[in-house]
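Colleague: Quick one: this structure, given as structure tokens, is what I'll be asking you about.
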Amino acid sequence: MSQANITSLLSQLEQVLLGKPHQIKLAVTCILAKGHLLIEDLPGMGKTSLSQGLAQSLGLSHQRIQFTSDMLPADILGVSIFNKEQSQFVFHPGPIFKQMILADEINRASPKTQSALLEAMAEHQITVDGITHRLPSPFFVIATQNPSEQSGTFPLPESQLDRFMMRISIGYPDKKAELAMLKGEDVSPQSESLPQCLDPIGLKTMQKEAQQVKTSDALLSYILALVDGSRQLDEGYGLSPRASKALLNASKAWAYIQGRNYVVPDDVQAVFSSVAEHRLRNTSQQQGEALSQKLLSMTNPIL
């Protein structure tokens with residue numbers, strides 16, 4: 001039943017984003033691994049369409065938040081307003097109180113506003129005026145950002161980047177897919193009109209099944225070798241313990257999508273770049289890509 005749902009979900013999303021099955025599979029992997037997703041690319045590549053398609057297909061309550069340079073943390077989290085009738089402050093929840101947040105162009109907001117998501121992403125709760133408010137379950141953030149070299153952007157700090165389990169880049173469509181789009185042959189459905197493939201209960205069941213995918217001690221040693229290798233590099237940043245856990249969970253989810261109940265090195269290699277690139281770099285996306293490929297080439301699985 002779960003495998004049929006996965007096939008249906010992938011097929012539906014491929015109608016929204018033409019010619020990008022690998023990126024779609026990585027995005028679904030991130031959700032099944034209970035992670036937050038960062039989609040980084042030029043404007044007009046389909047970042048928002050993919051994120052909205054995921055929310056609609058999974059049957060999650062969702063809210064798109066357009067980040068701008070003048071946005072304040074209260075615009076995301078909510079604010080306490082004094083109620084004269086009750087003679088006390090009453091909290092008015094912000095748009096973050098949804099199961100899936102589509103943070104569009106997150107790096108156009110100031111660092112202060114970006115930091116409003118840190119507690120929410122790590123602990124699935126927010127604190128306003130000293131009072132903690134739990135967020136809905138499940139809770140995901142899918143953020144899009146334009147390349148940092150574009151005008152009007154603020155680079156995401158390392159603490160923020162590390163909270164995204166995976167980062168993907170969609171890239172230009174191939175000529176065949178783009179020609180079909182220009183001819184109108186693709187008849188792509190609008191994201192908001194997509195039928196629901198799953199509900200939150202079904203998604204939680206699949207996430208639990210993905211977590212139960214088996215890993216051998218040798219496979220875990222391979223993951224640790226990759227992580228340790230990143231910490232020995234003279235350039236970039238080494239991967240954190242959060243990153244090693246993310247790599248394990250993403251590998252399990254990828255294997256689960258393939259219909260297996262055990263992880264093989266190919267699963268780790270398939271997700272490694274998406275898990276590691278944004279954490280490794282200290283200057284540019286290209287540096288992160290180069291470092292992740294270097295680690296894969298110099299670390300061999302011994303199984």
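The values are calculated or read from the model by the stated rules, or taken from the named source; none is laboratory data. Predicted model, so just to flag it, every value in this text is computed and none were measured. Backbone-built Cβ (ideal geometry, glycine too); neighbour counts: all protein chains shown. What goes into the accessible areas is simple: the full protein's heavy atoms, side chains included, and nothing from ligands, DNA or RNA. Shrake-Rupley method; radii C 1.70, N 1.55, O 1.52, S 1.80 Å.
Colleague: Restricting to the stretch 259-303, and then to whatever is at pLDDT below 90, of a type in the set (Ser, Thr, Tyr) and part of a helix (DSSP H, G or I), can you tell me which residue is surrounded by the fewest Cβ atoms within 10 Å (Cβ to Cβ)?
Modeller: 297
Colleague: Sticking with this structure for a sec: Could you check residue 96 against (1) of a type outside the set (D, E, K, R); (2) part of a loop (DSSP other than H, G, I, E, B); (3) free of Cβ contacts under 8 Å to residues at least 60 places away in the same chain; (4) open to solvent by 10 Å² or more (accessible area, probe 1.4 Å) and say which number it fails?
Modeller: Residue 96 satisfies every listed condition except (4).
Colleague: Right, next: Determine if the stretch 106-125 includes at least one residue that is assigned to a strand (DSSP E or B), crowded, with 19+ Cβ neighbours inside 10 Å and small (Gly, Ala, Ser).
Modeller: no
Colleague: Continuing with this model, one more query. Tally time: how many residues in the stretch 61-93 are open to solvent by 30 Å² or more (accessible area, probe 1.4 Å) and among the hydrophobic types (A, V, I, L, M, F, W, C)?
Modeller: 8
Colleague: Here is a further query. Of the residues 54, 26, 10, only one is closer than 28 Å to residue 242 by Cα, of a type in the set (A, V, I, L, M) and surrounded by fewer than 22 Cβ atoms within 10 Å (Cβ to Cβ); which? Even if it seems obvious, please write down each step before you answer.
Modeller: Working: 54 fails: surrounded by fewer than 22 Cβ atoms within 10 Å (Cβ to Cβ); 26 fails: surrounded by fewer than 22 Cβ atoms within 10 Å (Cβ to Cβ).
Just one listed residue meets the conditions, 10.
Colleague: Another one. Could you list, in sequence order, all residues of the stretch 28-48 that are within 25 Å of residue 113 (Cα to Cα) and within 14 Å of the chain's Cα centre (by Cα)?
Modeller: Correct list: 30, 31, 34, 35, 36, 37, 38, 39, 40, 41, 47, 48.
Colleague: State all residues of the stretch 231-258 that are at pLDDT below 90 and hydroxyl-bearing (Ser, Thr, Tyr); if no residue qualifies, say none.
Modeller: 237, 240, listed by residue number.
Colleague: Quick one: count up the residues across the stretch 200-238 that are in contact (Cβ under 8 Å) with a residue 24 or more places away in the chain, in a helix (DSSP H, G or I) and open to solvent by 30 Å² or more (accessible area, probe 1.4 Å).
Modeller: Summing the residues that are in contact (Cβ under 8 Å) with a residue 24 or more places away in the chain, in a helix (DSSP H, G or I) and open to solvent by 30 Å² or more (accessible area, probe 1.4 Å) in the stretch 200-238 gives 9.
Colleague: Another one. Which ones in the stretch 126-172 are open to solvent by less than 10 Å² (accessible area, probe 1.4 Å) and among the aromatic types (Phe, Trp, Tyr)?
Modeller: Once the filter is applied, which keeps residues that are open to solvent by less than 10 Å² (accessible area, probe 1.4 Å) and among the aromatic types (Phe, Trp, Tyr), the stretch 126-172 yields 139, 140, 164.
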